[in-house]
């Protein structure tokens with residue numbers, strides 16, 4: 001027999017579940033006016049978006065577009081993504097990447113050495129095996145078995161110079177110089193976008209994440225990085241972790257992140273952003289709520305690191321938010337010209 005109390009509990013349970021479904025029905029039923037569109041972290045997203053846009057412009061799939069975005073940035077030896085990036089503290093460059101499509105298919109590789117395009121290895125894993133995640137020697141073996149070439153272990157000239165400088169003190173600690181990040185000075189020898197090293201030897205975390213909505217209304221995303229410079233051997237951040245560095249839900253939206261990966265992992269950051277969008281928040285509001293979740297346990301400690309999120313919803317609306325000033329992102333839509341936007345931040 002149901003009592004008034006049990007009826008009330010049942011109603012409350014139903015109401016709590018109904019709210020997200022009400023919001024998601026609005027999202028599903030509303031056409032996307034802003035498509036195709038591609039969004040990448042940082043101003044170096046102009047490189048990534050520049051390779052993704054031709055795919056989208058011709059009516060291609062978001063999945064193909066984000067892979068091309070990753071390949072372009074992995075090819076750029078002046079970026080800290082790919083084999084040209086900073087090594088770990090033992091002098092080895094290790095790469096992490098993941099990719100996710102509109103059907104929740106996903107693939108990830110981590111702690112992989114001497115393979116130029118980890119994003120393509122992640123996609124091959126996604127499309128040809130029942131697995132999601134391979135790491136280390138196993139990831140490299142899989143790549144070689146599938147036709148990928150083993151590259152030289154030699155550091156790029158820029159990374160070798162920076163590593164030599166770091167060895168003078170060999171301090172193992174994540175470094176992010178907020179003041180330098182805000183002014184983003186260019187070093188001689190760097191390309192025109194988003195330097196990963198500053199004059200004083202500090203660096204920021206230029207993980208490249210790209211999310212896209214294609215002309216068919218489908219979402220996909222990718223995240224690729226060589227990780228935190230001079231990290232402990234074997235360290236893996238958020239970038240290859242589905243739900244941390246990247247998450248895609250084709251009914252709601254997609255999100256990716258950049259910054260100190262440990263902080264993103266703690267809150268399953270991109271999954272959190274997508275769930276906030278599911279509840280009805282705009283992409284920017286969702287990113288802000290996720291940043292606030294990261295900061296809440298220890299606001300003082302949060303002043304020492306950077307995390308930024310970017311997100312896109314099913315309508316093609318875009319937003320971002322970061323812990324510190326200095327995070328920006330690149331949006332490319334109608335016309336094909338990338339626009340760099342400075343994200344709002346918690347600490348100003």
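Just so it is clear, none of the values below were taken in a lab; they were calculated from the coordinates. What you see is a predicted model; the values in this text were computed from it and never measured. Cβ coordinates were reconstructed from backbone atoms using ideal geometry, including for glycine residues, and neighbour counts include every protein chain displayed.
Taking R0 as 30 Å, what FRET efficiency do you get between residue 58 and residue 129 from their Cβ-Cβ distance, rounded to the nearest 0.05? It comes out at approximately 0.55. Cα centroids of the stretch 248-271 and the stretch 144-166: 28 Å apart. With both labels modelled 7 Å from their Cα along Cα-to-Cβ, the residue 169 to residue 34 distance reads 4.1 nm. Sorting the segments 264-270, 254-260 by their mean number of nearby beta carbons within 10 angstrom, highest to lowest, gives 254-260, 264-270.
When both the stretch 68-124 and the stretch 305-348 are represented by their alpha-carbon centers, they are found 22 Å apart. Going from the fewest other Cβ atoms within 10 Å to the most, the residues 131, 117 appear in the order 131, 117. The order of 307, 81, going from fewest to most other C-beta atoms within 10 Å of their C-beta, is 307, 81. Taking 7 Å steps out from each Cα toward its Cβ at residue 144 and residue 337 produces label points 4.8 nm apart. When 293, 114 are sorted by how many other C-beta atoms sit within 10 angstrom of their C-beta, beginning with the fewest, the order is 293, 114. Taken along the Cα-to-beta-carbon direction at a fixed 7 Å, the label points for residue 300 and residue 233 span 3.6 nm.
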